[in-house]
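What follows is a single structure, written as structure tokens, with notes after it.
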């Protein structure tokens, strides 16, 4: 992406995987004329040690499973899955099965996986339940660090963003020696509200310029990872700032929108994974945290990375025709740059 968002530098691949230890894997399902969907998994680390986490809901017309326990406990303890609205259950169950498979069969164990969704029913036969457990298993097998597949891939295959083809997008920002990485599943926003770097480009890109497949508020899932040592309340505050990145691109959390943000720190703080205390375990733990009065630069990084990830999703996605002939057209970089130039230098 040649359009620079904000002022902070990005990491080496400008993706959530710039945060050390993060791996992302996707499986894309494009079959016949009506199947346009998929699944994506995000793995924070290979162990089972819980990570401090926090969340924010901009508008709650959607689902991010496991969120209530994260709010209460302040920790993320499972991989994260992303998919379409009607495939949340199968992805959740497949994540449980993957975890159980690696444990002692005599161990008493429960799991509350985190699985987020947005609705891809314009382009996809969402009621056909095409995402299956083997697709989740394949996504786990594909999970890797480095560059992230973005655009109309994985769970983002059938998504529409600001009236253009949307999907997965990712970006990162580096500040004070720490990295903040974001992955979005962008299926939200109205065309006339789209803004990039403060320029209301959507006003110049109406349906008479690029046809609209669907006009609604939609939904977005934002995953925000950082290698800064944050406590749960700080992760929650970081998640809140990601909502400002949604707003900077024109998202408003409309009534029909499910806008959820999950932020977590990848720093292992020695949080016990076992629910019941074991003989000999210490009763107290020492943790490291960024001073609250040093959080502002991380806030700026989260805002910029979220905005950049949404723009990345838009520019990476290609035009797709799906169920019933519905077509979501790509927003090309050339068209976007032209609109930005006209707004920057009006006649």
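Taken together, the values in this text are just the output of simple stated rules run on the coordinates, not laboratory data. These numbers come from a predicted model, not from an experiment. Ideal geometry is used to build each Cβ from the backbone, glycine not excepted, and the neighbour counts take in all protein chains shown.
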Return the distance in nm (one decimal) between the two label points of a simple spin-label model at residue 333 and residue 85, each offset 7 Å from Cα along Cα→Cβ.
-> 3.4
Against the longest alpha carbon principal axis of the chain, how many degrees, from 0 to 90 and to the nearest 10, is the axis of helix 296-316 turned?
-> 50
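Order these by the 10 Å Cβ neighbour count, fewest first: 103, 248.
So the ranking, lowest neighbour count to highest, is 103, 248.
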Under 12 Å from the 7 Å Cα→Cβ point of residue 274, by amide nitrogen: which residues of region 89-122?
-> 108
Taking alpha-carbon centroids only, region 213-236 lies from region 111-178 a number of Å equal to 14
Angle between the chain longest axis and helix 232-248 axis [Cα atoms, degrees, rounded to 10] | 0
Reduced to Cα centres, the span from region 290-312 to region 37-84 in Å works out to 19
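Relative contact order for region 290-336 using alpha-carbon pairs under 8 Å, separation at least 6, rounded to a whole percent? Present the calculation step by step, with values, prior to reporting the outcome.
Values: 20 pairs, mean separation 11.7, N = 47.
Taking the mean separation of contacting Cα pairs over the length of region 290-336, I get 25 percent.
Using a 10 Å cut-off around each Cβ, can you sort 276, 134, 49, 304 from fewest to most neighbouring Cβ atoms? Display every interim value, and only then the final one.
Working: 276 7, 134 10, 49 15, 304 25.
Ordered by Cβ neighbours within 10 Å, fewest first: 276, 134, 49, 304.
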Assuming a viscosity of 0.692 mPa s and a temperature of 37 °C, what translational diffusion coefficient in µm² per second does Stokes-Einstein assign to region 262-303, Rh being the Kirkwood radius over Cα pairs?
-> 247
Note the full-extension length gain between residue 45 and residue 192 as 0.36 nm times their separation in residues minus their Cα-Cα distance, in nm to one decimal.
-> 48.9 nm
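Please state the shape class of region 196-347: rounded when a/c is under 1.5, otherwise prolate if a/b exceeds b/c and oblate if not, all from the C-alpha gyration tensor.
Prolate is the answer for region 196-347, as a/c is 1.5 or above and a/b outweighs b/c.
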In degrees, nearest 10, range 0 to 90: what is the angle between the Cα axis of helix 333-344 and the longest Cα principal axis of the chain?
-> 70
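So what is the 222 nm mean residue ellipticity for the chain from helices alone, if each DSSP H run of at least 4 adds -39500 (n - 2.57) and you divide by all residues, rounding to the nearest 500 deg cm²/dmol? Before the final figure, lay out each step's value.
Details: 6 runs with 81 residues, N = 347.
About -7500 deg cm²/dmol.
Hey, what D do you get for the chain in µm²/s if you plug the Kirkwood alpha-carbon radius into Stokes-Einstein at 37 °C and 0.692 mPa s?
Numbers: Rh = 20.0 Å.
D, rounded to a whole number, is 164 µm²/s.
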Most exposed first by the Cβ proxy, i.e. fewest other Cβ within 10 Å, how do 203, 294, 278 rank?
-> 278, 294, 203
Please tell me the relative contact order of the chain in percent, rounded to the nearest whole number, where contacts are Cα pairs under 8 Å and at least six residues apart.
-> 25
Region 191-347, relative contact order [Cα under 8 Å, separation at least 6], % | 29
